[in-house]
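Any read-out appearing in this document is the output of simple, stated calculations on the displayed coordinates, not a laboratory observation. This is a predicted model, so every value here is computed, not measured. Cβ coordinates were reconstructed from backbone atoms using ideal geometry, including for glycine residues, and neighbour counts include every protein chain displayed.
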């Protein structure tokens, strides 16, 4: 089953049916081109539907400027449920995950921006380019395909350094573009070890050299400047320490406790 935006969701008024917007202009804009990032930062935002099964308010929106249009996932800060172990502002962590992925050159997180302008329907929050994906696929199906293992190793390595506390199977998307994407990255970058993930099949295996080299660069150079307004100094220092630790001992970890899994698994 292919999930292409609002086709299989409810519209903003609660009625089912086809998307309310014209798709013709969407195909004129390459999702991975610089205009996509510019459009997320400045386009007009209209809510199409609420994304199902989300712990926090997560909305499918259309972002439009002139003839350019794309779909995005909007997570308003006011829709976050308070957490005892993470401060408010998970939208900052969503953007930090994108910025880190881009800086490392791994490009596994769709373009994500932080906006606080008054034109947003429900106030400040993150906007992430919506990826059309195969809804029948998730980590537990993807791991059965050996051709996907390199991409899954990259996501696994990213979660180690970003300290992901919630890598569910459904957060690994098989995009219609043929790539694997890591989404729902709000529970990341904590100073304390919070790793909870479903990706343990690579435990004990060496981390590929090119990923180690990127993490060594992060450890030596420090976090990229784009992260400084998004994370606090202690979190930035912890990120650099994790990168150094993984680069010094470049093997995927093994969960000997059996408890470092998120719930639900998918």
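Worth a mention:
- From 219, 234, 147, 247, residue being in a helix (DSSP H, G or I), under 27 Å from residue 113 (Cα atoms), over 15 Å from the mean Cα position of the chain (by Cα) and free of Cβ contacts under 8 Å to residues at least 40 places away in the same chain: 219
- Tally, over region 184-216, of residues that are touching a strand residue (DSSP E or B) at 6+ places or on another chain (Cβ under 7 Å) and not in a loop (DSSP other than H, G, I, E, B): 2
- When residue 178 is tested against (1) touching a residue at least 60 places away in the same chain (Cβ under 8 Å); (2) within 23 Å of residue 130 (Cβ to Cβ); (3) surrounded by fewer than 16 Cβ atoms within 10 Å (Cβ to Cβ), only condition (1) is not met.
- Extreme residue, surrounded by the fewest Cβ atoms within 10 Å (Cβ to Cβ), among residues of region 81-102 that are touching a helix residue (DSSP H, G or I) at 6+ places or on another chain (Cβ under 7 Å) and touching a residue at least 60 places away in the same chain (Cβ under 8 Å): 99
- Within region 58-66, one or more residues are assigned to a strand (DSSP E or B), out of contact with any strand residue (DSSP E or B) (no Cβ under 6 Å at 6 or more places or on another chain) and either surrounded by 20 or more Cβ atoms within 10 Å (Cβ to Cβ) or touching a residue at least 24 places away in the same chain (Cβ under 8 Å) (or both).
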